[in-house]
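Have a look at the structure below before the remarks.
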Amino acid sequence: MTRFLARNLARPDAAPSLWRRLKQAALVLATGALVASCSGGLSNMTGTDGLAPESAAPSVPGTTIGTGNVKVALLLPLSAGGQAGAAAISLRNAAELAMSEFSEPDIQILVKDDRGTADGARAAAQAAISEGAELILGPLFADAVRAAGQVARGAGRPVIAFSTDAGAAAPGVYLLSFMPESEVERVVAYAARQGQRSFAALIPNTAYGRVAQAAFQTAVARNGGRIVAMETFDRASAAAQAAKIAAVAGGASPQVNAVFIPDSGDSLIAVAQALQGAGVDPQKVRMLGTGVWNEARVFSQAGLQGGWFAAPETAGFNAFAQRYRAKYGSDPTRIATLGYDAVSLAAALVRTQGQQRFSEPVLTNASGFAGADGVFRFNPNGTNERGLAVLEIRNGTAASVSPAPRQLGAGG
């Protein structure tokens, strides 16, 4: 296998921090190892699709980033209100940061406002393709991804989107996001390897909860475990449902080894406190979660101490966030790395893959790519696989107990 070393993609006189990262991180393809300017927040990494725009607003005029020969579109809900709009700005800034750190990228980013709607995404995709875009990055929301994907497939253009909804994926429409299915499989498989085979679950009555529940049932069966009890809750019923789980998870001799809670924020905290109040000892029964646990206030909860959750390693995002703050004077949302990695990948493929740069064989190569949040690859059906760590909550912090793999094996 021919290897393209760092000196093939960047000059030693580039910014020193970039040069160091280029020597450490690779975008790997079958034709060789491509080195790109990838290093490594929304605190809810995987809940992006819940951030619906607050209200309709006038569309933000399109802008461009860079002056390269190859045009790539970036579709974001820039005019959306609330957290959706904030996430869009952060993703746009991250794309600009990637362009500034990649040595002489030969791409031009056409930034389009999709307004967070299917109609807006359809119009934005049509405009971008009419302007010569060969690849579409974004949108953020599932309905917008589906609409943009229909337009892009009709024109023979691939999409790399940021939705976490696997239902938005399709051949040629690839999701770069943090997908709950992967996180659930990772934490359940790790727990099973540690001898924990009897599970209970408290599932939030949300779209994310339903996805996580289905993934949990599949993962437990795949890893030779059994589900003893499972309850669905909302904020009003959290204490009552926690009491039901405590019937099998509490006391001196619990009937289960672990309790799975795919929730975040105030709701997760309320459930953890209710479980502990009902007699569930986290020293006897392990709490399990997903990447939505990855926020500081969760780490201080007594009922979650010793709990495990799956998420990308933190070092890459921390390094990215430091550079982002230095450039923009504010903190990035947690998903901002998706914009950074998408643009870095596009720039690297333009530099190394010629006319096949955005073809299906290149984008779905099984060796995958290395980005700010670790290694990842696109599946032919549009979903992705990521190298994830398992982290343990310990007295206000989260420490890795199972590091993320540095490469993805055959078949995942």
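The values are calculated or read from the model by the stated rules, or taken from the named source; none is laboratory data. If you're wondering where the values come from, they're calculated on a predicted model, not measured in any experiment. Here the Cβ is made from the backbone with ideal geometry for all residues, glycine too, and neighbour counts use every protein chain on show. Quick note on the areas: whole protein, heavy atoms, side chains included, nothing else; ligands and nucleic acids left out. Shrake-Rupley method; radii C 1.70, N 1.55, O 1.52, S 1.80 Å.
For the pair Asn365 and Ala214, label points projected 7 Å from Cα toward Cβ lie 3.2 nm apart.
Each DSSP beta bridge with both residues in region 157-290 is either parallel or antiparallel, and the antiparallel ones are about 5%. Rg and Dmax over the alpha-carbon atoms of region 250-378 stand at 20.1, 65 Å. Annotation: extensible slack from Tyr328 through Ala207 equals 40.2 nm (criterion: 0.36 nm per residue apart, minus Cα-Cα distance).
Residues in region 295-302 carry Karplus couplings, in order, of 8, 4, 5, 5, 5, 8, 6, 4 Hz; the curve used is 6.51 cos²θ - 1.76 cosθ + 1.60 with θ = phi - 60°, and Gly or Pro positions show x. Available extension along the chain between Ala155 and Ala399 is 83.2 nm, counting 0.36 nm per residue and deducting the alpha carbon span.
Residues in region 304-320 carry Karplus couplings, in order, of 10, 5, x, x, 10, 9, 9, 6, x, 4, 8, 4, x, 5, 4, 5, 4 Hz; the curve used is 6.51 cos²θ - 1.76 cosθ + 1.60 with θ = phi - 60°, and Gly or Pro positions show x. Overall shape: oblate for region 164-254, with the ratio a/c of the largest to smallest alpha carbon gyration tensor axis at 1.5 or above and b/c at least equal to a/b.
For region 176-329, what is the Kirkwood hydrodynamic radius in Å, using each pair of distinct C-alpha atoms?
Numbers: mean 1/r = 0.0634 Å⁻¹.
Mean inverse Cα-Cα distance, inverted, gives 15.8 Å.
Using a probe of 1.4 Å on the protein chains alone, the accessible area found for Met99 is around 20 Å².
Per-residue accessible area (protein heavy atoms, 1.4 Å probe) orders Ser177, Ser330 as Ser330, Ser177, starting from the largest. Shown in residue order for region 228-245 are the 3J(HN,Hα) couplings computed by the Karplus curve 6.51 cos²θ - 1.76 cosθ + 1.60 at θ = phi - 60°: 7, 8, 8, 10, 9, 9, 10, 4, 5, 9, 4, 5, 5, 6, 5, 5, 5, 5 Hz (x for Gly and Pro).
Between Gln194 and Ser130, the C-beta separation translates, for a Förster distance of 41 Å, into a calculated FRET efficiency of about 0.15.
Could you tell me the relative contact order of region 245-288? Use alpha-carbon pairs under 8 Å, at least six residues apart, and round to a whole percent. 55 percent. Note: relative contact order over region 62-128, using C-alpha pairs below 8 Å and six or more positions apart, is 49 percent. If you sort Glu183, Glu360 by accessible surface, 1.4 Å probe, largest first, the order is Glu360, Glu183. For the pair Glu104/Arg226, report the inter-label distance in nm, with labels modelled 7 Å from Cα in the Cβ direction. A separation of 6.5 nm, rounded to one decimal place. Shape class of region 305-394 from the Cα gyration tensor (axes a ≥ b ≥ c, square roots of the eigenvalues): oblate, since a/c reaches 1.5 or more and a/b does not exceed b/c. In a fully extended conformation the segment linking Ala247 and Arg235 would gain 2.3 nm over its present Cα-Cα distance, using 0.36 nm per residue.
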